[in-house]
DNA sequence: AGCACGCCGACT
DNA sequence: GTCGGCGTGCTC
């Protein structure tokens, strides 16, 4: 069932469907009196239910299972591992038109004699309605049949073979058509041509157009002339073409085209691997032979893509298919272009920006084994692969693989490893900054660690310099947020016509707006967070619920006019930069400035053409911006990256700094990174400067071990939310006490108020569970399930929203 | 999710 | 007296 409900539902298989039905097929089932849902056959058994009578399956929607068995295993694993209902994964996995709900259409069976005498009133109504209009959906039936009787009526008529269920997709789906042009056959026949051309003498433009189409058509008989071609190639107008069409000299016709764009061009052959890449490649091959998956740790611009391509090719040579996962499809044009060039039509994309029809089409193609390579975001994991040989997870550390705010929660990197296991295929996790968890797995031998420590073509890695900002301020060598040194380097870079990147990971202008005399700060009325001041849009914004407010001119509490702005946001950095470099083109890239349509594309072009001189951005700039003339990366307030309330703060800071640094000097090898900090002796910064990758992971792992965090323990977070604070509080206390009954106290942190006590008017309390790894984990998890079941027994707590996050 | 059932307030 | 508010429970 595509619903967030516990477990599965049992239905009776009607006699006539017994032969047909298979696990993994979609079936139409009645649910809750008058609803019809598309369920998926999860299990076929003959255990008689004791507590209820099973309803009958109405019909089967597929001729062959829409889901391979491996996918069902995968769903089941996700559901038990992440403690989310399997229906949630069903909902997440399927394009909505494949899980039609009451939108299901009915139609009369063709060539059927209907004997009206045996029908009851409702059945009669429905038949009559169908005689008037060929198709009708379940929602529309509500207009003339009592809700409770709808399912019964439909069932009876299906049994009588008078009506049948129509697959909505088959009807609504239409392949996209493209217009083509051709010269009228009659014109070419009988030597009409000179006469025609003469007739066009008074319309030279039309004549040119006619000749263009003719010549293009004769150039290659097998390649039809696209309508769009005449507007792209020649400078012709629609009216000129229209005249030719009216004179019947040119004909327009339509051809079906696959909705999905696929590249038609030359196929590129792979360049030879460098020695280093070759060695890495051998390691991967060897590892795959032993059935060990690979963590490919390749510094920025080391040619990971090249290795991917190598293995994609090998996989295809072995008649198997490839799934290539990316964190976000839009930000990685380079890889896509390379793959498109090489694989053309056997390549497909799947991501959240596709329309539903496009998704269904990819589903069909994958299901029919027409696709060799599927490039997609994490929702591509759910496609019905038949013959998967390799999964590549690019930028495996990326947090887009595991968004906390999307339900159901799961980590696509880990899920990919599990899915590959069900398909008996291999995995390459690739990153310039692997997650600490993956690195640890590699250390433990669960993954093969393959390291590419040098950039492609011997290009040097950027040099890292730490600027002691405290000292600079003491010596009065600074202005605002910038030390003279940083300003100087920026200036140099600008003079050399090179581009610079500045990273500042805080949106808005000022983090807090505070009254100097009474200390009042502007809190969001829905959430327990301060509102951030956005000078550009002149408003206060809550980054949690999106609420907006005007900035107070005087303190609403004490009416003082001394309103202070504290906590430097990116807009303020932009303002300062603008003052320091009034002549330069400075562009800001953050969620707020990229909200407009094509904002990203425009900026991309601006950087590519060299128009943009300084690009200032939040963590967004760490992805996809691979341009040759970026030489300098500066992080003026690097400390702010470290001090966030998150045990992964240092890891994230390292990843962000390294990823952004990777944008510098990709071909010149003269990239410079400037990290401005009050703590130049901080281990994370010094290890980054020394480029001591092994050291930094050692540091992270030591810290995690010391404070008991992943990968040394498993984390499960239980959050309870309610509109009333006391109720959420009491519920969390109770849950805590139940958990204490079953689990050792050192495993349980809390219950306590969540770090953000209120979001969107819901008060949040939480219990954090730190569980041992290994065999005991499952035992402990079962005990947690037992505790949660006990919690659920209290009816008073049923109104509490409960969310469980495993491995966040 | 959606919908029925049921228990309390402001209406003709 | 009743209509309807939404809090609560159930769906094979």
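The values are calculated or read from the model by the stated rules, or taken from the named source; none is laboratory data. Treat the numbers as computed from the prediction; the structure is a model and nothing was measured. As a convention, Cβ positions derive from the backbone with ideal geometry for all residues, glycine included, and neighbour counts pool all protein chains shown.
Among the listed residues A:641, A:720, identify the single one that is surrounded by 23 or more Cβ atoms within 10 Å (Cβ to Cβ) and assigned by TED's automatic domain parsing to the domain that holds residue A:735. Give the steps one after another, and end with the answer.
Details: A:641 fails: assigned by TED's automatic domain parsing to the domain that holds residue A:735.
The conditions single out A:720.
The single condition from (1) outside any loop (DSSP other than H, G, I, E, B); (2) crowded, with 19+ Cβ neighbours inside 10 Å; (3) more than 16 Å from DNA strand C (Cβ to nearest atom); (4) under 33 Å from the mean Cα position of the chain (by Cα) that residue A:67 fails is (1). Write out, first by first residue and then by second, each pair whose Cβ atoms fall under 6 Å of each other, whose residues are 6+ apart or on separate chains, and whose first residue, in segment A:793-805, is assigned to a strand (DSSP E or B) while the second is more than 9 Å from DNA strand C (Cβ to nearest atom). Here the result reads A:801/A:721; A:802/A:720; A:803/A:719; A:804/A:83; A:804/A:718; A:805/A:409; A:805/A:717, each pair linking segment A:793-805 to a residue that is more than 9 Å from DNA strand C (Cβ to nearest atom). Among the residues of segment A:14-32, write down those that are within 15 Å of DNA strand C (Cβ to nearest atom) and crowded, with 18+ Cβ neighbours inside 10 Å. If the condition is that a residue be within 15 Å of DNA strand C (Cβ to nearest atom) and crowded, with 18+ Cβ neighbours inside 10 Å, then A:27, A:28, A:29, A:30, A:31 are the ones that fit. Is it fair to say residue A:384 is in a loop (DSSP other than H, G, I, E, B) and farther than 18 Å from residue A:623 by Cβ? Answer is yes for this residue.
Looking at this structure, is residue A:140 within 16 Å of DNA strand B (Cβ to nearest atom), over 23 Å from the mean Cα position of the chain (by Cα) and part of a helix (DSSP H, G or I)? Answer is yes for this residue. Among the numbered criteria (1) in a loop (DSSP other than H, G, I, E, B); (2) within 16 Å of DNA strand B (Cβ to nearest atom), which one does residue A:49 miss? Going through (1) in a loop (DSSP other than H, G, I, E, B); (2) within 16 Å of DNA strand B (Cβ to nearest atom) one by one, residue A:49 breaks only (2).
With the checklist (1) closer than 23 Å to residue A:80 by Cα; (2) within 16 Å of DNA strand B (Cβ to nearest atom); (3) out of contact with any strand residue (DSSP E or B) (no Cβ under 6 Å at 6 or more places or on another chain) in hand, flag the one item residue A:39 doesn't pass. Checking residue A:39 against (1) closer than 23 Å to residue A:80 by Cα; (2) within 16 Å of DNA strand B (Cβ to nearest atom); (3) out of contact with any strand residue (DSSP E or B) (no Cβ under 6 Å at 6 or more places or on another chain), the one that fails is (3).
Among the residues of segment A:1-13, which ones are in a loop (DSSP other than H, G, I, E, B) and near DNA strand C (Cβ under 8 Å from one of its atoms)?
Going through segment A:1-13, the residues in a loop (DSSP other than H, G, I, E, B) turn out to be A:1-11, A:13.
Of everything in segment A:1-13, those that are in a loop (DSSP other than H, G, I, E, B) and near DNA strand C (Cβ under 8 Å from one of its atoms) turn out to be A:3, A:5, A:6, A:7, A:8, A:9, A:10, A:11.
Report whether or not residue A:500 is outside the structural domain of residue A:279 (by TED's automatic domain parsing) and within 29 Å of residue A:626 (Cα to Cα). Criteria met by residue A:500. Residues in segment A:759-770: is at least one crowded, with 17+ Cβ neighbours inside 10 Å, within 16 Å of DNA strand B (Cβ to nearest atom) and touching a residue at least 24 places away in the same chain (Cβ under 8 Å)? Yes, some residue in segment A:759-770 is crowded, with 17+ Cβ neighbours inside 10 Å, within 16 Å of DNA strand B (Cβ to nearest atom) and touching a residue at least 24 places away in the same chain (Cβ under 8 Å). Mind checking whether some residue in segment A:106-116 is in a helix (DSSP H, G or I), away from DNA strand C (no atom under 16 Å from the Cβ) and not assigned by TED's automatic domain parsing to the domain that holds residue A:384? Yes: one or more hits. Could you list, in sequence order, all residues of segment A:52-71 that are out of contact with any strand residue (DSSP E or B) (no Cβ under 9 Å at 6 or more places or on another chain) and within 16 Å of DNA strand B (Cβ to nearest atom)? If the condition is that a residue be out of contact with any strand residue (DSSP E or B) (no Cβ under 9 Å at 6 or more places or on another chain) and within 16 Å of DNA strand B (Cβ to nearest atom), then A:52 is the only one that fits.
Only one of the numbered conditions (1) farther than 29 Å from residue A:416 by Cα; (2) in contact (Cβ under 8 Å) with a residue 24 or more places away in the chain; (3) within 15 Å of DNA strand C (Cβ to nearest atom) is not met by residue A:42, and that is (1). Of the residues making up segment A:11-36, those that are within 16 Å of DNA strand B (Cβ to nearest atom) and either touching a residue at least 60 places away in the same chain (Cβ under 8 Å) or assigned by TED's automatic domain parsing to the domain that holds residue A:159 (or both) are A:30, A:33, A:34, A:35, A:36.
Suppose the filter is assigned to a loop (DSSP other than H, G, I, E, B) and within 16 Å of DNA strand B (Cβ to nearest atom); does residue A:84 pass it? Spell out how you get there, then give the answer.
Values: assigned to a loop (DSSP other than H, G, I, E, B): yes; within 16 Å of DNA strand B (Cβ to nearest atom): yes.
So residue A:84 fits the description; yes.
Filtering segment A:601-619 to residues that are within 20 Å of residue A:573 (Cα to Cα) and not in a loop (DSSP other than H, G, I, E, B) leaves A:603, A:607, A:614, A:615, A:616, A:617, A:619. Scanning segment A:355-381 for residues that are in contact with a helix residue (DSSP H, G or I) (Cβ under 7 Å, 6 or more places away or on another chain) and part of a loop (DSSP other than H, G, I, E, B) turns up A:371, A:372, A:377.
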